[in-house]
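Visitor: First, the structure itself, so that you have it in front of you.
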Amino acid sequence: MTDLPGILLLSLRFLLALTLYLFLAWAVRIIWQDLRQTKTVSQQQAINPLLLTIDAGPNDLTTHFLINPENILGRGPNCDINLQDETVSGQHARFYFEHKHWWLQDLGSSNGTYLNDLPLDQAAVLTDKDHLRFGGITAEVQLQEELLDTSHDLSEGIDT
């Protein structure tokens with residue numbers, strides 16, 4: 001009977017230690033999730049916008065303001081940049097933002113994707129004033145960090 005208070009005291013200490021460790025594990029998990037979410041938000045905010053001016057023929061000049069990390073260009077109905085031209089494939093090319101740069105990748109189009117009059121056979125980094133061709137459609141790239149400050153003005157009346 002004399003050991004009962006000692007066992008009870010040891011059990012209470014063990015439960016207190018277990019509760020403390022569970023609390024610490026919960027706190028670390030919450031902090032970790034918050035850091036991951038903050039990193040995702042900061043990565044999304046770090047995307048430099050791309051302004052794509054497409055010349056699809058006489059009196060058919062359109063601009064697309066790209067702020068999503070990935071954009072598909074093609075003739076298909078689910079494409080982010082839809083071009084209704086016979087020379088453009090259903091899913092012709094892909095624009096994506098990775099490692100602080102905009103990249104262009106041909107998606108196996110039948111009439112090819114050209115960057116500055118050179119056929120694109122692998123993904124390439126885009127630079128300001130690059131000239132692009134998708135089948136018979138031409139386009140020009142405008143990459144400027146100043147677009148971030150004026151994105152709310154540019155998005156009015158521009159397809160995204």
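No lab work stands behind these numbers, since they all come straight from the coordinates. Computed from a prediction, not measured in an experiment: that's the story for all the values here. Every residue, glycine as well, gets a Cβ built from its backbone with ideal geometry; the counts of neighbours run over all protein chains shown.
Visitor: Once the piece of chain linking Gln91 and Trp103 is laid out straight, how much longer is it, given 0.36 nm per residue of separation minus the C-alpha distance between them?
Guide: 2.7 nm
Visitor: While we're on this one: Quick one: length gained pulling Gln84 to Leu35 fully straight, 0.36 nm per residue minus the C-alpha distance? Mind showing how you got there, number by number?
Guide: Numbers: separation 49, 0.36 × 49 = 17.64 nm, distance 4.31 nm.
Contour length minus Cα-Cα distance gives 13.3 nm.
Visitor: Going by average Cβ density within 10 Å per residue, which order do the peptides 18-30, 77-89 take, highest to lowest?
Guide: 77-89, 18-30
Visitor: Work out, step by step, the length gained on full extension between Val125 and Ala17: first 0.36 nm times the residue separation, then minus their alpha carbon distance; give nm to one decimal.
Guide: Gain on stretching Val125 to Ala17: 33.4 nm.
Visitor: Starting with the highest mean, order 109-115, 31-37 by the number of other Cβ atoms within 10 Å, averaged over the residues of each peptide.
Guide: Top to bottom by mean Cβ count within 10 Å: 109-115, 31-37.
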